[in-house]
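Have a look at the structure below, then the notes.
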Amino acid sequence: MSDGARERILGRITVALQKKSTPIPYKPRPIFEPIVDPRQRFELECKNNYTECIFTTGVEETQTKLLEVLASLDPGVVFAEDMPFVRDRLRYAPRDLAWSSTGPAPEESQATITRAKALIAATGSILVTSTCGGRRGSIVAPVHIVLAHKSQLLADIESALELAQKMRLPEKESFIGIITGCSRTADIEKLLVIGAHGPKRLVLIVEE
């Protein structure tokens, strides 16, 4: 490119930058239809994500369902987040538990039991942070059990992120994650593999 051509191009760019463009008005529009029944949508999305979603009517039923899930596990260590909400629902657990107050989830854990910060109806997802059983609480074991309350159910990811900002989670937590179903991949020959890089079973017990 000759010096003359270069100068002409730069000159046109300079002139264009000096012109004031009229702002184009923009109003965000919803991408998806409004969610009429968050619970129904959440249960449907959980099914599509291979998440075992159980709604209970109160503490006693939560304890019963949790015992049923624990009975289905292989022998071994079960790690649990050491919080009153979790401890109360594990009151009748027939096996020894490794609590988060004594250290991170052991590599040999058969299952981990943690809380959630929020549930997302639109995608059947679970919002977790580093205080939900630690950074390893959602990935180290083949089974991840999450205890939540129906009041944590939000419509969409935007609502969950707004909640995270309101709670100042980015400032307080070392990580924030969104779990959408158990670990899976279909990268190789489009064959679905469950438990590719984390839990192969995700159980969510939601208490009303």
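Computed from the coordinates by the stated procedures, all read-outs in this text should not be read as laboratory data. None of the values given here were measured: they were computed from a predicted structure. Note that each Cβ is placed from the backbone with ideal geometry, even for glycine, and that neighbours are counted across all protein chains shown.
Quick notes
- For Val128, the test of being under 14 Å from Asp82 (Cα atoms), not in a loop (DSSP other than H, G, I, E, B) and not hydroxyl-bearing (Ser, Thr, Tyr) is failed.
- Out of Arg95, Arg87, Arg135, sole residue that is free of Cβ contacts under 8 Å to residues at least 40 places away in the same chain, assigned to a loop (DSSP other than H, G, I, E, B) and either in contact with a Leu (Cβ under 6 Å, 6 or more places away or on another chain) or not small (Gly, Ala, Ser) (or both): Arg95
- Within the range 141-166, if we keep just the residues that are out of contact with any strand residue (DSSP E or B) (no Cβ under 7 Å at 6 or more places or on another chain) and farther than 25 Å from Arg89 by Cα, the residue that is surrounded by the most Cβ atoms within 10 Å (Cβ to Cβ) turns out to be Leu161.
- Considering Pro38, Pro23, Pro28, Pro34, the condition of being under 30 Å from Leu202 (Cα atoms) and surrounded by fewer than 10 Cβ atoms within 10 Å (Cβ to Cβ) is satisfied by Pro34 alone.
- Considering Thr180, Thr131, Thr114, the condition of being closer than 30 Å to Ile31 by Cβ, surrounded by 15 or more Cβ atoms within 10 Å (Cβ to Cβ) and among the hydroxyl-bearing types (Ser, Thr, Tyr) is satisfied by Thr180 alone.
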